[in-house]
1. Filter the range 111-121 down to the residues that are touching a residue at least 60 places away in the same chain (Cβ under 8 Å) and in contact with a strand residue (DSSP E or B) (Cβ under 7 Å, 6 or more places away or on another chain), then identify the one that is farthest from THR99 (Cα to Cα).
2. Hey, could you check the range 122-155 for residues that are without any contact (Cβ under 8 Å) to a residue 24 or more places away in the chain and not in a helix (DSSP H, G or I) and say which is nearest to the chain's Cα centre (by Cα)?
3. Taking the conditions exactly as written (out of contact with any strand residue (DSSP E or B) (no Cβ under 7 Å at 6 or more places or on another chain) and touching a residue at least 60 places away in the same chain (Cβ under 8 Å)), does THR53 satisfy them or not?
4. Looking only at the range 51-71, decide whether some residue is modelled with pLDDT under 90, in contact with a Gly (Cβ under 9 Å, 6 or more places away or on another chain) and among the aliphatic types (A, V, I, L, M).
5. Name the single residue, out of those in the range 1-49 being part of a loop (DSSP other than H, G, I, E, B) and farther than 18 Å from ILE129 by Cα, that is farthest from the chain's Cα centre (by Cα).
6. Going residue by residue through the range 36-46, is there one that turns out to be over 23 Å from PRO125 (Cα atoms) and surrounded by fewer than 16 Cβ atoms within 10 Å (Cβ to Cβ)?
7. Among the residues of the range 48-91 satisfying the criterion of being touching a Ser or Thr at 6+ places or on another chain (Cβ under 9 Å) and among the polar types (S, T, N, Q), which is farthest from GLY154 (Cα to Cα)?
8. Here is a list of conditions, (1) surrounded by fewer than 18 Cβ atoms within 10 Å (Cβ to Cβ); (2) assigned to a helix (DSSP H, G or I), and GLU119 meets all of them except one; can you say which number that is?
Amino acid sequence: MTEKITRTIHIISAFWVIVLAIVIFIDVMGRYLFSLPLLGATEIIKNSVVAVTFLQLPFAIYKDGMIRTTIVLGSVNDYWKRLLRSFANICGLLFFIGTALSAWGPAIEALGVSEYEGEGALRVPTYPIRFLVVVTSLFSSFVYLNILYQDWTGKLKLNPHES
């Protein structure tokens, strides 16, 4: 179930990137051909980069795509490999819980004051992106917890370099 959810939000973020590419293309062509930029493109892109990044995190974590070095991991026995993986997963879990907790206050404040990005023709509300950071951080924490559980119950599918 976790894999299905992570894959789904990863697909959503991929489509979002395609939409951003179209927005950027229209903005650049409008500037170049007509000296008329797409109004609000900067605000949309600025908020979307954060959203796309956080939407892709759970899938990257689940598919073991986070950056790490295998120098130590490759030189220890299986028990120590599991302990090191567990330590890394606990650090990731705590990091994303901390991220969610630290993002919660600004998200509530942005909603309360109706915070917007941009002026004039297009004003983009910031609270949806701020809440997206909270939700995806919590889900990323859950993914780390799920991987930790799978590792200690023997259900974790390891990469060939970790076996």
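1. The qualifying residue farthest from THR99 (Cα to Cα) is GLY118.
2. PRO125
3. no
4. yes
5. SER35
6. yes
7. THR53
8. (2)
The values are calculated or read from the model by the stated rules, or taken from the named source; none is laboratory data. Predicted, not measured: the structure shown is a model, and the values here were computed from it. Counting neighbours? That spans all protein chains shown, and the Cβs are built from the backbone with ideal geometry, glycine included.
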